[in-house]
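Notes for the one structure printed next.
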């Protein structure tokens with residue numbers, strides 16, 4: 001089988017790390033599936049590097065889609081590995097920016113119709129930008145060619161089933177809770193040096209609200225890790241430190257450096273700061289997180305037992321939850337202990353890989 005990865009610093013860091021290193025956790029189970037006997041390969045190799053021809057064709061395709069009211073993607077990376085896709089028994093597309101081009105090219109029969117397991121991370125958010133019914137129908141038919149669809153948000157899976165239901169033969173949509181490597185993310189013997197830490201780079205993070213919380217609590221110190229270009233609202237706050245472009249290997253110590261982990265997220269069905277949330281819980285950190293539809297069901301999270309769940313967009317509730325935990329260290333420590341117990345029991349990495357493997361096996365038969 002072939003993994004289709006988006007080319008990113010995080011993925012390159014994972015691939016360059018030895019097996020067993022925490023950064024390999026970003027490879028969506030590549031090592032574990034290989035260990036189970038699958039001949040699993042990936043596209044971030046020299047043979048699949050986009051050349052001039054693939055880039056030119058991709059540019060023309062994206063331009064044509066834009067003119068006709070469509071949504072583009074990384075066609076170059078998909079076209080560059082068309083031979084590997086054709087030779088594979090199954091393709092696991094791990095991100096929409098590759099998955100949509102792959103399915104559109106399969107629909108147009110430009111690429112072989114190798115069975116695909118399509119992982120959605122906000123697909124319908126992208127589809128909401130399409131204004132023309134004919135174009136939306138084309139994308140639905142393309143995704144409908146997949147053998148199976150995986151979503152990490154319980155609500156997103158339900159929405160995808162509804163969206164695909166008009167098709168005469170819609171693929172099954174599987175909700176697969178994401179997991180965490182509870183051996184790589186462990187409680188650290190580290191004395192926190194900041195009151196609140198927040199880590200994450202996805203576009204649904206509500207850094208504007210985080211800035212409002214920090215502004216309303218000037219006596220507290222904040223450390224925020226974001227993607228380059230994010231977090232401008234924090235730069236003029238004396239009690240907030242903003243870091244960008246942080247390697248994955250440094251994330252555990254950064255999470256451990258805070259007394260409380262705060263993860264504000266705007267309401268949506270697919271992103272609940274899920275990866276960072278599970279990492280922090282595995283490290284037995286007390287976490288305050290927005291109760292988005294993405295995590296309100298399916299992860300068995302309970303407010304006050306596994307983490308603090310507060311309404312998205314509610315600045316006062318986020319700030320109050322942080323202050324309550326900081327003012328009661330014993331309760332915060334107990335919350336962190338129960339958080340680790342929960343992810344170890346129900347959301348460990350092995351369980352995630354087993355669920356993905358089951359979808360792959362069913363799709364390949």
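Brief remarks on what is shown
- The condition of being buried (at least 18 other Cβ atoms within 10 Å of the Cβ) and within 24 Å of residue 115 (Cα to Cα) holds for only one of 343, 322, 310, 353, that being 353.
- Filter pass, residue 271 being modelled with pLDDT under 95 and in contact with a strand residue (DSSP E or B) (Cβ under 7 Å, 6 or more places away or on another chain): yes
- Output for segment 67-81, where each listed residue is part of a helix (DSSP H, G or I), in contact with a helix residue (DSSP H, G or I) (Cβ under 8 Å, 6 or more places away or on another chain) and either surrounded by fewer than 21 Cβ atoms within 10 Å (Cβ to Cβ) or without any contact (Cβ under 8 Å) to a residue 40 or more places away in the chain (or both): 75, 76, 79, 80
- Condition check for residue 172: assigned by TED's automatic domain parsing to the domain that holds residue 122, closer than 28 Å to residue 148 by Cα and either surrounded by fewer than 18 Cβ atoms within 10 Å (Cβ to Cβ) or in contact with a helix residue (DSSP H, G or I) (Cβ under 7 Å, 6 or more places away or on another chain) (or both): yes
- Residues that are within 30 Å of residue 235 (Cα to Cα) number at least 1 in the following helices (runs of 4 or more DSSP H) confined to segment 121-217: 123-127, 207-216.
- Filter result for residue 359 (in the same structural domain as residue 89 (by TED's automatic domain parsing) and modelled with pLDDT of 95 or more): yes
- Hey, residue 177 over 26 Å from residue 8 (Cα atoms), modelled with pLDDT of 95 or more, crowded, with 18+ Cβ neighbours inside 10 Å and in contact with a helix residue (DSSP H, G or I) (Cβ under 9 Å, 6 or more places away or on another chain) or not: no
- When residues in segment 184-202 are screened for being touching a residue at least 12 places away in the same chain (Cβ under 8 Å) and surrounded by fewer than 19 Cβ atoms within 10 Å (Cβ to Cβ), 9 of them pass.
- Condition check for residue 125: in contact (Cβ under 8 Å) with a residue 40 or more places away in the chain and either more than 24 Å from residue 177 (Cβ to Cβ) or in the same structural domain as residue 298 (by TED's automatic domain parsing) (or both): no
- Segment 225-236, residues that are touching a helix residue (DSSP H, G or I) at 6+ places or on another chain (Cβ under 8 Å) and either assigned to a strand (DSSP E or B) or more than 14 Å from residue 196 (Cα to Cα) (or both): 225, 226, 230, 231, 233
- Of all the numbered requirements in (1) farther than 30 Å from residue 120 by Cα; (2) crowded, with 21+ Cβ neighbours inside 10 Å; (3) modelled with pLDDT of 95 or more; (4) touching a helix residue (DSSP H, G or I) at 6+ places or on another chain (Cβ under 6 Å), residue 214 misses one, and that requirement is (4).
Conditions (1) part of a helix (DSSP H, G or I); (2) farther than 30 Å from residue 357 by Cα; (3) outside the structural domain of residue 128 (by TED's automatic domain parsing), marked per residue:
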{"residue": "10", "(1), (2), (3)": "yes, no, no"}
{"residue": "26", "(1), (2), (3)": "yes, no, no"}
{"residue": "31", "(1), (2), (3)": "yes, no, no"}
{"residue": "37", "(1), (2), (3)": "no, no, no"}
{"residue": "58", "(1), (2), (3)": "yes, yes, no"}
{"residue": "65", "(1), (2), (3)": "yes, yes, no"}
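- Yes/no for residue 86 being surrounded by fewer than 21 Cβ atoms within 10 Å (Cβ to Cβ), in the same structural domain as residue 355 (by TED's automatic domain parsing), under 18 Å from residue 7 (Cβ atoms) and out of contact with any helix residue (DSSP H, G or I) (no Cβ under 7 Å at 6 or more places or on another chain): no
- Tallying residues that are out of contact with any strand residue (DSSP E or B) (no Cβ under 7 Å at 6 or more places or on another chain), under 23 Å from residue 211 (Cβ atoms) and assigned to a helix (DSSP H, G or I) within segment 314-331 yields 7.
Yes/no per residue for (1) assigned by TED's automatic domain parsing to the domain that holds residue 28; (2) outside any helix (DSSP H, G or I); (3) more than 18 Å from residue 347 (Cβ to Cβ):
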| site | (1), (2), (3) |
| --- | --- |
| 242 | no, yes, yes |
| 255 | no, no, no |
| 278 | no, no, no |
| 284 | no, yes, no |
| 301 | no, yes, no |
| 305 | no, yes, no |
| 312 | no, yes, yes |
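- If you filter segment 244-253 down to residues that are in contact (Cβ under 8 Å) with a residue 12 or more places away in the chain and assigned to a helix (DSSP H, G or I), you find that the one that is nearest to the chain's Cα centre (by Cα) is 248.
The values are calculated or read from the model by the stated rules, or taken from the named source; none is laboratory data. In this text, all values refer to a predicted model and were calculated from it rather than measured experimentally. So basically every Cβ, Gly included, is an ideal-geometry build from the backbone, and we count neighbours across all protein chains shown.
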